[in-house]
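K.L.:
Starting off with a structure, shown below.
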Amino acid sequence: MENIRIELHRLQSKIKGKILLPEDKDFDSARATWDVATDHRPALIVLAANAKDVIETIKFAGEVGQKVTVISTGHGPTRPASGGIMLRLSGMDAVRIDKEARTAYVEAGAKWSKVLEMAAVYGLAPLMGSSSDVGAVGYTLGGGLGWLARKYGLSLDNVNYFDIVTSDAELKRAERDSCDDLFWALSGAGSAFGVVVSMEIRLVPENIVYAGNLVYGHEDAKMLLDKYIEWTEELPDEMSSAMVLANFPDLPIVPEPLRGKSVAMVRGCFAGNIEDGERIVNKLREWREPILDMWSKIPFSMADTISNDPKEPIPVSVTNVTIDELNEKAKAALLKMTYRDEGYSPILFTEIYHMGGSIASSDRSESVFAVRDAKYVVKIMGLVLGDGSRDFFSAAVTGLKDELKDELNSEVYPNFLEGLEKFNHPGRLYPVDTLEKLGRIKVRFDPDNMFENGLEIGPVQ
Ligand SMILES: Cc1cc2nc3c(=O)[nH]c(=O)nc-3n(C[C@H](O)[C@H](O)[C@H](O)COP(=O)(O)OP(=O)(O)OC[C@H]3O[C@@H](n4cnc5c(N)ncnc54)[C@H](O)[C@@H]3O)c2cc1C
């Protein structure tokens with residue numbers, strides 16, 4: 001890398017952004033990501049200011065034979081960078097709304113919060129997820145499962161095009177309408193083929209929604225789960241929801257009365273007539289009065305209040321399983337894993353997302369995304385305060401997967417996986433023939449695996 005450093009002034013003279021080396025004072029903050037458990041050790045960091053900076057950096061990486069780790073806003077699962085160039089895109093956060101076309105042009109470093117705020121001015125909304133603090137492009141490249149998904153599909157179902165810089169340092173546009181292989185691959189396996197610098201997405205006409213949480217004690221969890229499954233059988237596509245089995249930590253970031261408590265919750269968002277939404281949620285209220293009832297009419301711009309994800313970085317481990325039928329065995333296993341009869345539970349949340357609706361009915365030929373048929377995606381999250389707690393969490397999840405091996409579907413949801421699990425095991429994300437097609441696309445756009453820290457796609461010649 002020493003020789004390469006001599007060349008760095010050449011790169012710096014061509015870019016508007018900044019190059020950071022380990023001795024620079026901002027290096028450590030620039031290499032840090034939301035998942036503080038991942039320790040990136042790049043040889044240098046390029047803070048890109050625009051697409052031209054990305055092109056120059058990729059050209060440079062090709063010339064000096066360095067690998068590139070792409071980080072947009074840093075909320076996602078990544079493999080730890082070891083050497084090479086970290087390309088940070090947080091500085092590229094332009095958003096432009098076209099209110100007539102109902103579209104947004106979004107640069108790779110923009111968070112959903114910016115799109116949400118700018119779209120809301122026109123009574124429009126993006127298909128963001130539980131937290132507007134997350135990067136819009138990174139979220140979309142892995143699917144994008146949010147509170148409007150059953151009505152409008154995933155975020156990737158609503159992309160018009162991606163602009164991407166591939167390993168040959170060329171800027172390309174991958175468009176939905178051109179039946180482009182690259183567009184298909186980016187829509188779900190986005191991190192393996194280059195640097196997505198921006199995208200254009202469709203916005204939806206949602207302004208006021210009925211959303212929130214019903215919170216019950218964990219002693220009601222078994223019956224609530226039965227009730228939730230029955231409830232989801234009849235839901236219209238306007239309702240996107242999840243049931244959460246939760247062990248809130250005894251930490252100041254958790255508000256009373258949830259701090260340190262184990263509870264069961266039904267959360268969601270109804271994007272339709274408010275009275276209809278109220279009537280649907282009443283079916284749960286009438287079954288049993290919750291400890292807390294937070295469902296109300298809110299502007300979609302306040303959708304963060306549904307999940308109340310923390311904004312501050314926390315060390316978590318996240319994984320998921322997908323399943324079609326939550327039978328007695330599956331329900332018992334989820335409850336047993338989350339709420340242990342005795343001792344400390346390694347699980348923070350087991351969140352059972354109800355799929356279907358437009359997620360299942362969107363045109364499958366347009367994207368590589370493979371989790372279309374699952375009835376439920378079960379996200380499992382643990383607090384990881386050291387190797388011991390990571391092992392404890394992994395053991396609990398492995399136990400669940402072993403117990404339910406006959407019940408679980410083979411594919412898992414890409415966005416709810418941590419780095420090593422996501423990127424090292426693409427076979428769990430896509431069927432074999434899909435992986436082969438991805439491999440052929442990889443050879444076209446990244447033959448030397450410059451983006452090895454993205455999804456591991458073996459080139460197929
Ligand atoms: C608090 C929180 C809430 C979340 N809620 C949801 C949710 O409701 N629904 C959901 O679907 N997901 C959710 N996620 C997961 C989230 O969508 C993914 O973690 C996503 O990858 C985050 O995007 P990012 O830009 O921050 O990614 P980064 O951490 O910046 O990148 C993650 C990886 O994606 C790749 N990548 C990122 N940007 C690019 C790019 N521009 N070009 C090429 N490759 C790129 C790289 O390989 C990178 O290593 C949540 C995550 C958090 C932390």
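The values are calculated or read from the model by the stated rules, or taken from the named source; none is laboratory data. Quick caveat, the model's predicted, so the values are computed rather than measured. Because the Cβ atoms are built from the backbone with ideal geometry, glycine has one as well, and the counts that use them run over all protein chains shown.
K.L.:
From 312, 286, 325, grab the single residue that is farther than 28 Å from residue 370 by Cβ and away from the ligand (no atom under 16 Å from the Cβ).
P.N.:
Matching residue, one of 312, 286, 325: 286.
K.L.:
Here's another thing I want to ask about it. May I ask you to list the residues in the range 23-44 that are farther than 23 Å from residue 60 by Cβ, surrounded by 13 or more Cβ atoms within 10 Å (Cβ to Cβ) and among the charged types (D, E, K, R)?
P.N.:
35, the sole residue that qualifies.
K.L.:
Further question on the same structure: For the subset of the range 67-108 comprising residues that are charged (D, E, K, R) and out of contact with any Gly (no Cβ under 7 Å at 6 or more places or on another chain), which member is surrounded by the fewest Cβ atoms within 10 Å (Cβ to Cβ)? Walk me through it before giving the result.
P.N.:
Our first condition is that a residue be charged (D, E, K, R); within the range 67-108, this holds for 67, 79, 88, 93, 96, 98-100, 102, 107.
With the extra rule that they be out of contact with any Gly (no Cβ under 7 Å at 6 or more places or on another chain), the set shrinks to 88, 96, 98-100, 102, 107.
Values: 88: 25, 96: 13, 98: 13, 99: 14, 100: 7, 102: 16, 107: 26.
This residue is 100.
K.L.:
Output the residue which, of all residues in the range 165-186 that are polar (S, T, N, Q) and at pLDDT 95 or above, is farthest from the chain's Cα centre (by Cα).
P.N.:
The extreme case among them is 167.
K.L.:
Could you go through the range 95-111 and let me know if any residue there is near the ligand (Cβ under 6 Å from one of its atoms) and touching a residue at least 12 places away in the same chain (Cβ under 8 Å).
P.N.:
yes
K.L.:
I would also like to ask the following. Across the range 307-344, what is the total count of residues that are at pLDDT below 90 and part of a loop (DSSP other than H, G, I, E, B)?
P.N.:
11
K.L.:
Report yes if some residue within the range 273-293 is hydrophobic (A, V, I, L, M, F, W, C), at pLDDT 95 or above and within 21 Å of the chain's Cα centre (by Cα); otherwise report no.
P.N.:
No, the range 273-293 contains no residue that is hydrophobic (A, V, I, L, M, F, W, C), at pLDDT 95 or above and within 21 Å of the chain's Cα centre (by Cα).
K.L.:
If I filter the range 68-85 for residues that are near the ligand (Cβ under 9 Å from one of its atoms), without any contact (Cβ under 8 Å) to a residue 40 or more places away in the chain and not aromatic (Phe, Trp, Tyr), do I get at least one hit?
P.N.:
Checked against the condition, which is being near the ligand (Cβ under 9 Å from one of its atoms), without any contact (Cβ under 8 Å) to a residue 40 or more places away in the chain and not aromatic (Phe, Trp, Tyr), the range 68-85 yields at least one hit.
K.L.:
Sticking with this structure for a sec: Residues that are within 12 Å of the ligand (Cβ to nearest atom) and among the hydrophobic types (A, V, I, L, M, F, W, C), at least 3 per element: which helices (runs of 4 or more DSSP H) completely within the range 132-226 meet that?
P.N.:
Working: elements: 136-141, 149-152, 181-189.
Correct list: 136-141, 181-189.
K.L.:
Is there a residue being within 11 Å of the ligand (Cβ to nearest atom), under 22 Å from residue 302 (Cα atoms) and of a type in the set (A, V, I, L, M, F, W, C) anywhere in the range 121-131?
P.N.:
yes
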